[in-house]
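The values are calculated or read from the model by the stated rules, or taken from the named source; none is laboratory data. Bear in mind that the values here come from a model prediction, so they are computed numbers and not experimental data. Glycine also receives a Cβ, built like all others from the backbone with ideal geometry; neighbour counts cover every protein chain displayed. Ligands, DNA and RNA are stripped out before the accessible areas are found, and what is left, the full protein with its side chains, is counted by its heavy atoms. Shrake-Rupley method; radii C 1.70, N 1.55, O 1.52, S 1.80 Å.
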Amino acid sequence: MRKDIILIVLILIAVVSISGCINGPIDNINNRMKDLNTDITEGDNDYNAAISSINSRDYASGNNNIQIAKEKFNDAETKLSEIEEYQDDLNESIYKEYIDLIKEEVSLKKEASDELYLAIQYYANNDPYSGNSYAKSANNQMKKAVILQGERNQLVEENSELFKKAGII
């Protein structure tokens, strides 16, 4: 009787692991990666909308857009923290490099959003000198982030089969 129970438990564990109910590190990362990429894309779009609003001197809309961008980049950072829980279990150094690049990219985009938020506040209060200073800083941070984004895209392009196999692209 006892052997039968042990045998049934072992069979159930085998069935569950084969059916995919037990996820490996890449599965856990992949489940979060799509949402992470969506947050980054939406954050970029809202950041760019804020820039357009500033150029039109519509500081209220710019403020609204940059707040949403900041939320999206914060959400992305949260997802990255979840992904990092599994990073050490990955066998491929390419995946680790990809995660490191995206982490630095998101950090820079958050900093750029914070700087642009401050620029908008100064512009709205008729202080263009300070506004320009913060806008310039935001621009510099975003330029660095875009370079990292390009490096990340290049890494995916050079290792497309690996990323396709993992379901990341």
For this session: Please list 145-153, 109-117 highest first by mean number of surrounding beta-carbon atoms within 10 Å per residue.
Result: 109-117, 145-153
Exercise. Just the projected area, averaged over all directions, of the convex hull on the alpha carbon atoms of the range 56-169: how many nm²?
Worked result: 7.8 nm²
Seminar exercise, completed: With bins of 5 Å, the percent of all Cα-Cα pairs of the range 121-167 per bin from 0 is 5, 20, 14, 12, 11, 9, 9, 7, 7, 6, 1
Problem set entry | Solvent-accessible ranking of 97, 42, 158, largest area first, probe 1.4 Å | 158, 97, 42
